[in-house]
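Worksheet for the structure shown next.
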Amino acid sequence: MKIFRLLSWTLAVLLGAVMAAPGEELQVVVAGRYHEPVTAYRAGGRTFINAKQAGELYGGQVYWYPISGRVQMTFRSRRLQFVAGSEQVLVDEKTARLEAPVMLRAAQAYVPLSFFLGPEFSALCGMESQFNERTRLLTIERHSNVGPVRWFSYQDHTRVVLELKRPLSYGAAARGLRGVEVTIPFGVIETPEQSSVGDGLVEDYVLRQDAKLARLTVRLAKPGLKWRVRELSDPRRLAVDVAVSDLPPAGPAEPSAPISAAAVAAEVGVSSVAAAPAGLPAGASRKRLIVIDPGHGGRDSGANGRRGTVEKDINLAAAKELAERLKEDDIFEVLLTRGDDTFIPLADRSRLANEAQADLFVSLHCNAARNRKENGFEVYFLSERASDPEAERLAQFENSSLELEGKSASDAEAALLLRAMTKTENINAASELAARVARALHKRVDFGNRGVKQAAFYVLRGTDAPAVLVEMAFLSNRRDEAKLESSRYRRRIIDGLYAGLIDHAKSQGWLQEGAPPRSRR
Ligand SMILES: [Zn+2]
């Protein structure tokens, strides 16, 4: 047995030396922040990572016994043991199988990365991880079942939403005259959150982790406001609604009488029944159509990130996420200019919006700059003249897709002059929309706010609706790129876009009670 093990170990050393490509440093993001990179090797199409570094990365105690080639990891009371050259791993007392034997390189053990990504390891260490093969980025998040929190100011009420990743019971109670406290036993939050809302109804909120529960405290702007807490489905979430007077009627499954604070307080400790889609302020007359345009696609991949993230992919993912979010409420209809990785000429994008009679048009993009320090978001609306040389350069880049269509820029110019359909009223509305989106984004993301700008974007020019183009962040910036890649962080960007759109809808009276339908063009 000993001899066999020694042989297989020697074999592993030899194989490792022959098959493995040179080592690489894998970038790692833990809970949204960069961590020291870990060493990895690729062999036989698989990625192996340094066992010691990996164990520490996931919060374990690691012991490496170089003589016997064993690696031991402990996570709280759970124990793992790997042996160099073996594809068996001991999990507590049970044996599990790795995708490939543990490899030795430079007197260190390397374990197939797939093991750390699997559900078994995830349950054991309480962390979840994802690996992007293309960008070689390893993302690790703590297991959580509660959060994040997001909030929106509607026409007549403010809603603070707490996401639930699985069914959990909750309690809600008044805290003093101006507080609402929601507790979720067994709730585990991803990260503590605190944010001021300051919209006249809600002052601020705090989400924090207590010993065996998650606690969301919403502070009201003044005493006497009405509030209620209920669970909504698809996605599962708790909504804390706050209003001056009676709250808008809930879906048919809800009691018809407005729920007072006292009635809600009686619910403490009781899980409520999931309700129908979120309450729409009564009388909102007809749905407005938002066309979301994920920039680039197909042979036009847009900007490239430092680690190989491709703009067209991020744009599409964000567009789909924003569409999902907009569908949660019964206010908007949503149409995407592309739902997959196909090339769509710029003119077809605006044509689609025009034929569908879009009320708003939002084009999503990612920025890139030669200076890798540039970071943050920008919101553009159309103008013949760029607001600055940078904006001009960007418009040229985003318009360069025209060349892939086999059109020269001057052909396009001529076509535009003929069309000349951009109305001043649309430009005015677009500048307001851009400002609202920028303001809402600014409150929710932690990268730079580069403000509202103007430039001659072709895709905005052909659209007969208020149209904005959002450069969500810089793919050329290391931190921004990681944020754009992380679906969890993207959610904050999506929240900002969503809140900006809601704010705009409110300003247009689209959410107002009994507002007459706007006449169609
Ligand atoms: Zn772009």
Pairing a residue in segment 291-309 that is touching a residue at least 24 places away in the same chain (Cβ under 8 Å) and of a type in the set (K, R) with any residue that is part of a strand (DSSP E or B) and away from the ligand (no atom under 13 Å from the Cβ), where Cβ atoms lie under 8 Å and the two sit 6 or more apart in sequence or on different chains, gives R307/Q27; R307/L137
Restricted to segment 173-227 and to residues being over 18 Å from R159 (Cα atoms) and of a type in the set (D, E), the residue nearest to the chain's Cα centre (by Cα) is E190
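So, in segment 165-192, of the ones that are β-branched (V, I, T) and in a strand (DSSP E or B), which residue ends up farthest from G147 (Cα to Cα)?
V180
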Cβ pairs under 8 Å, 6+ apart or interchain, first in segment 350-371 and within 15 Å of the ligand (Cβ to nearest atom), second assigned to a helix (DSSP H, G or I) and charged (D, E, K, R), ordered by first then second residue, are S363/R349; H365/E311; H365/E398; C366/E311; A368/E311
In this structure, does A358 turn out to be outside any helix (DSSP H, G or I), at pLDDT below 75 and not assigned by TED's automatic domain parsing to the domain that holds V160? no
Review point. Restricting attention to segment 306-322, does a residue exist that is modelled with pLDDT of 90 or more, more than 16 Å from the ligand (Cβ to nearest atom) and out of contact with any strand residue (DSSP E or B) (no Cβ under 8 Å at 6 or more places or on another chain)?
Key: yes
(message) Against the definition (within 16 Å of the ligand (Cβ to nearest atom), part of a loop (DSSP other than H, G, I, E, B) and either within 29 Å of Y154 (Cα to Cα) or open to solvent by 50 Å² or more (accessible area, probe 1.4 Å) (or both)), how does D341 come out, yes or no?
(response) yes
Residues of segment 372-403 being of a type outside the set (F, W, Y), more than 13 Å from the ligand (Cβ to nearest atom) and under 26 Å from Y498 (Cβ atoms), in sequence order, are E374, N375, G376, V379, L382, S383, S387, A391
Within segment 72-122, the residues that are among the basic types (K, R) and within 35 Å of the chain's Cα centre (by Cα) are R76, R78, R79, R97
So, first residue more than 14 Å from A211 (Cα to Cα) and at pLDDT 90 or above in segment 177-191, second residue open to solvent by 40 Å² or more (accessible area, probe 1.4 Å) and among the acidic types (D, E), Cβ within less than 8 Å, six or more apart or across chains; the pairs are R178/E203
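Say we look at segment 123-142 and pick out the residues that are open to solvent by less than 10 Å² (accessible area, probe 1.4 Å) and within 23 Å of the chain's Cα centre (by Cα); which of these is modelled with the highest pLDDT?
Top of the filtered list is L138.
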Just one listed residue, out of D234, D156, D204, D241, is within 26 Å of S129 (Cα to Cα) and either touching a helix residue (DSSP H, G or I) at 6+ places or on another chain (Cβ under 8 Å) or not assigned by TED's automatic domain parsing to the domain that holds S486 (or both), and it is D234
Of V111, V161, the only residue that is modelled with pLDDT of 90 or more, in a strand (DSSP E or B) and under 20 Å from S487 (Cβ atoms) is V161
*assigned to a strand (DSSP E or B) and either among the aliphatic types (A, V, I, L, M) or open to solvent by less than 20 Å² (accessible area, probe 1.4 Å) (or both): does that describe L104?*
yes
From the option list G224, G200, single residue qualifying as outside any strand (DSSP E or B) and modelled with pLDDT of 90 or more is G200
Scanning segment 116-142 residue by residue, the ones that are part of a helix (DSSP H, G or I) and touching a strand residue (DSSP E or B) at 6+ places or on another chain (Cβ under 7 Å) total 6
The condition from (1) assigned to a loop (DSSP other than H, G, I, E, B); (2) at pLDDT below 90 that S195 misses is numbered (1)
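Residue-by-condition table, conditions (1) farther than 25 Å from R166 by Cα; (2) at pLDDT below 90; (3) part of a strand (DSSP E or B); (4) away from the ligand (no atom under 16 Å from the Cβ):
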position	(1), (2), (3), (4)
L216	no, no, yes, yes
L238	no, no, yes, yes
D241	no, no, yes, yes
P249	yes, yes, no, yes
P281	yes, yes, no, yes
I290	yes, no, yes, yes
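The values are calculated or read from the model by the stated rules, or taken from the named source; none is laboratory data. Note that the coordinates shown come from a computational prediction; the quantities given were computed from them, not determined experimentally. With ideal geometry, Cβ positions are generated from the backbone for all residues, glycine too; neighbour counts draw on all protein chains shown. Heavy atoms of the whole protein, side chains included, go into the accessibility calculation; ligands, DNA and RNA do not. Shrake-Rupley method; radii C 1.70, N 1.55, O 1.52, S 1.80 Å.
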